[in-house]
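Take a look at this one; I'll ask things after.
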Amino acid sequence: MNEKKRFIFHLDMDHFYTAVEERENPTIKGKPVVVGSNPKAGKGRGVVSTSNYEARASGIRSGMPISQAWRLCPDAVYLPPNFPLYIQVSREIMAIARKYADKFEQWGIDEVFLDVTNRVKDWADAEVLARQIKQEIKAKERLTASIGVGPNKLIAKVASDFQKPDGLTVVREEDAEKFLAPLAVRKLLWVGRKTEAKLKALGINTIGDLARYDPTVLSSMFGVMGLQMHLSARGLDRSEVEERVGVKSVSHETTFEEDTADSDAILQALDSLCVEVQKETAEQKLLFKTVSIKIRYQGFETHTKAKTLPRLTNRVEDLKKTARELLLPYLDVDMKIRLIGVRVSSLVSCEKQKTLF
Ligand code: TTP
Ligand code: MG
């Protein structure tokens, strides 16, 4: 059967958190800006959420310890995250994007796939539409987005990352394999750091190398994933753009100033995290059913434990009680604690659950 030709967009906001901060406070524009938890003049123990392109020029990256960022660029503007604001802006952007597509699939806070197959007739038309979306976001939100246009989600995703910031990259179906070939295998969705290392050992560096590799060897090494990777490398992806609940989980975590074994302090910190998580779910009118905790001991040994409640709730007491119950066994150990976190998932919108109340 001949598959219907599709037109898929992937939109990804540029340096999202810092872009929002720059918009709110134009005096920091042009300077390196880092958003992350707890910078504390270089002595903080949090991590970088994101940084603007000026800060990235010094080597700062998302996920890096904030103390390392500070060493790389002490003159940057360091800001704590303002999640309620980012969520609000994200909602506004998603509302804009949604109007342009028949199918909409949000990924994380600042990314979305759009299926615009029924709204355009050819690639040139698709490019015009993508430009229109970028313009509407710029006009209404004063923020830039990068959009990738392709025949499927895989290519659209790689394309949106191709010319950032403020990029627009159109990859026609017939050019897809050629477009992907010179790029590093890491650019493929399925390839994380570990897989990348294994592929390197086989002499596979680029997506083109992977496309030319014998799929039977890949499948014997990586199982189904091996075949999936091989298809991806050839630019093939049949997955649909699928609607789903925007947020999958809400979580907060905290790194202690100093590693601690003080149970009172730890439980107090846990309670505050529960309050923050509950507040965020309430703001988004979400109910939760699953509660998880994360605990990291001195030396980075990390554990997570989850419990699913018998029914949906949005009560902070339920959250605190469950989180304590999950965490307590981990305090009964002769090790100091570096970080704890609380997450709720199995989320449902209250608006759809009116019958519950
Ligand atoms: P990304 O889209 O990965 O990053 P970005 O928008 O900051 O930069 P880019 O221009 O490269 O797209 O993530 C979106 C937001 O999610 C980002 O602004 C901050 C947050 N985030 C974290 O909190 N921690 C992380 O490790 C990453 C990657 C992102
Ligand atoms: Mg982004």
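FYI, it's all coordinate maths here, none of it is from the lab. Keep in mind that what you see is a predicted model, and the values were worked out from it rather than measured. We place every Cβ from the backbone using ideal geometry, glycine too, and count neighbours over all the protein chains shown.
So for the chain: antiparallel DSSP bridges make up what percent, rounded to the nearest 5?
If we restrict to bridges inside the chain, about 90 percent are antiparallel.
Another question, then. Using only the Cα atoms of segment 201-357, what semi-axes does the equivalent ellipsoid have when each is the square root of 5 times a gyration tensor eigenvalue? Give whole Å, largest first.
Equivalent-ellipsoid dimensions as semi-axes: 39, 25, 12 Å.
Which value in deg cm²/dmol, rounded to the nearest 500, describes the helix-derived mean residue ellipticity at 222 nm for the chain, given -39,500 (n - 2.57) per DSSP H run of n ≥ 4 and division by the residue count?
For the chain, the value works out to -11500 deg cm²/dmol.
Provide the per-residue ³J(HN,Hα) series for segment 313-327, in order, calculated from phi with Karplus coefficients 6.51, -1.76, 1.60 and θ = phi - 60°, each as a whole number of Hz, with x at glycine and proline positions.
Along segment 313-327, the couplings run 8, 9, 8, 5, 5, 4, 5, 4, 4, 5, 4, 4, 4, 6, 7 Hz.
Separate question: For the pairs K31/K140; K103/K321; K29/K157; K138/K320; K121/K248, note any where the Cα-Cα span goes beyond 30 Å.
The answer is K103/K321; K138/K320; K121/K248.
Using modelled backbone amide H atoms (1.01 Å from N, in-plane), which distant-in-sequence or interchain residues come within less than 5 Å of V47's amide H?
Those lying under 5 Å, H to H, from V47 are S37, I66.
Moving on. Cross-link candidates for K200: which lysines have Cα within less than 21 Å, leaving aside residues fewer than 8 places away along the same chain?
List returned: K178, K187.
Turning to a different aspect of this structure: What are the ³J(HN,Hα) values, in whole Hz, obtained from phi via the Karplus relation 6.51 cos²θ - 1.76 cosθ + 1.60 with θ = phi - 60°, for each residue of segment 341-347 in sequence order, with x given for Gly and Pro?
Here the 3J(HN,Hα) series is x, 10, 9, 10, 9, 6, 8 Hz.
What residues qualify as long-range amide H neighbours of V77, i.e. H under 5 Å apart, gap of 5 or more or another chain, H built at 1.01 Å from N?
V33, V34
Using the alpha-carbon atoms, what tilt in degrees (0 to 90, nearest 10) does helix 224-233 show relative to the longest principal axis of the chain?
For helix 224-233, the angle is close to 50 degrees.
If you average the C-alpha positions of segment 102-170 and of segment 28-91 separately, how far apart do those two centres end up, in angstrom?
Rounded to whole Å, the Cα centres lie 26 Å apart.
Can you compute the FRET efficiency between M225 and K29 using 1/(1 + (r/R0)^6), with r the Cβ-Cβ distance and R0 = 56 Å? Round to the nearest 0.05.
Once rounded, the FRET efficiency stands at 0.85.
Nearest 20 debye, what's the magnitude of the dipole of the chain about its Cα centre given +1 on Lys and Arg Cβ and -1 on Asp and Glu Cβ?
320 debye
May I ask you to derive the relative contact order of the chain, considering only C-alpha pairs under 8 Å and at least 6 residues apart, and to give it as an integer percent?
Relative contact order for the chain comes out at 14 percent.
Output the relative contact order of segment 1-175, whole-number percent, from Cα pairs under 8 angstrom with separation of 6+ residues.
About 27 percent, as a whole number.
Among H15, H303, H252, determine the one that fluctuates most according to a GNM of the chain built with springs between C-alpha atoms less than 10 Å apart.
Maximum fluctuation in the GNM of the chain, among the listed residues, is at H303.
Here is a further query. Using θ = phi - 60° and the Karplus curve 6.51 cos²θ - 1.76 cosθ + 1.60, what whole-Hz ³J(HN,Hα) does each residue of segment 130-135 get, with Gly and Pro shown as x?
With the stated coefficients, segment 130-135 comes to 4, 5, 5, 5, 4, 5 Hz.
Along Cα→Cβ, 7 Å out, is where each label goes; now give me the distance between the ones at Q132 and E325 in nm to one decimal.
The answer from the label model is 5.3 nm.
If packing is taken as the average number of other Cβ atoms within 10 Å across a peptide's residues, how do 73-79, 198-204 rank, most packed first?
73-79, 198-204
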